[in-house]
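Engineer: Sharing a structure with you now.
Rule-based calculations on the coordinates, nothing more; no lab input. It should be emphasised that the depicted structure is a prediction, and the values quoted were computed from it without experimental measurement. Methodologically, a virtual Cβ is constructed for each residue, glycine included, from the backbone with ideal geometry; neighbour enumeration extends over all protein chains shown.
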Amino acid sequence: MFGLASTVLLIGLWGRAVVVDTDQLAESLTPMARSATVADRFTSWLATELGGTGLDQVTAEAAADHVLENPAVSQALAGVLTEVVLAAASPDPAGSRVDAAEVLAPAVPDITSSLNEVGVPVTEHEVASAVTELDPLVVRQPRAQTLIGRDSTVASRLGTAVTLAVMTMLFAGWSYVAASLDRRKAMRSLFTRFALGALSFAVLLRIGGWILDPGGGRAPVAETLGLLAVSKWLIPLGLGLAAAGGAVVFWVFRRRQLKPVAESRSQPEVSTPPPG
């Protein structure tokens, strides 16, 4: 019971820290701006707008793909994702939405220059007009629950799991210590078990993040998962080190209590009674 509860505690603490820290979560999701889903939505919209100017479908799609290679455009799409994450965490009862036109507005000059590079004769004013017509992205409907953040259902459920795990650990640990003949040794055993579990979990997160994306920039989804894995790996590491410190304290204290008393190796002199 103690081992299972400690596992739930570590996963719950790490998961809740990831869900609550929306700024870190938005940064971890930034690579998703290069994913096929986001890229296809942007290129489809731009190709449709270019098709309205008289370009054929093939040329419009090629021009849209070229625009997507511009770093400023990729950064603007990452900004859209960041705003979506923040909107998902908003507790506003009226709902939340993202003004994509406002986020993409700074990239209008770069979009225009990229289109001109492939021979599409558009002006910055025309591109700005097309961007302005973008509909807002509705992230949360009115009176809907927040998806992430401190007020979200996910954070609440993870917090409940953490509370139940702590109570179970205390009950199981107290029962184990109470039933042990050597209570100090039992306490050291519990601290050691939790320390090994927490440190193993921290190492797993760190190595898992590297396995998913060893050099950075592999696949957008893999890179995102890798960033999520390592975003809060210091939490189980800190818990593991603290528990290891507790185990060392009990080990040193127990050794001092059981330290043998030095005895002399010389035999005591026995007096010989005088002859009668």
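Engineer: Considering the Cα trace of the stretch 1-125, what is its radius of gyration and what is Dmax, both in angstroms?
Structural biologist: 19.7, 70
Engineer: Given points 7 Å out from each Cα along the Cα-Cβ axis, report the T160 to L241 separation in nanometres with one decimal.
Structural biologist: Inter-label distance under the simple model: 3.4 nm.
Engineer: Can you tell me the mean projection area, over all orientations, of the convex hull of the stretch 131-180's alpha carbons? Units nm², please. Kindly include the intermediate steps, with their values, before the conclusion.
Structural biologist: Numbers: hull surface 21.3 nm².
Mean shadow area of the hull around the Cα atoms is 5.3 nm².
Engineer: Please give, to one decimal in nm, the separation of the simple spin-label points placed at L4 and V252, each 7 Å out from Cα toward the Cβ.
Structural biologist: 3.6 nm
Engineer: Here is a follow-up. Using the per-residue mean of other Cβ atoms lying within 10 Å as a proxy for protection, in what order, highest first, do the peptides 64-70, 81-87 fall? Could you put the intermediate results ahead of the total?
Structural biologist: Values: 64-70: 18.3, 81-87: 20.1.
In descending order of packing, they fall as 81-87, 64-70.
Engineer: So for the pair R206, E124, with labels modelled 7 Å out along Cα→Cβ, what separation do we get in nm?
Structural biologist: So the two model labels end up 4.8 nm from each other.
Engineer: Now a separate question. Would you tally the net charge around L137, using a Cβ to Cβ cut-off of less than 9 Å, leaving L137 out, and scoring K and R as +1, D and E as -1?
Structural biologist: Working: positive: R97; negative: E83, D99, D135.
Net charge around L137: -2.
Engineer: Still on this model: Tally Lys/Arg at +1 and Asp/Glu at -1 over every other residue whose Cβ is under 15 Å from the Cβ of D151; what's the total?
Structural biologist: On the way: positive: R16, R140, R143, R150, R157; negative: D21, D92.
It works out to a net charge of +3.
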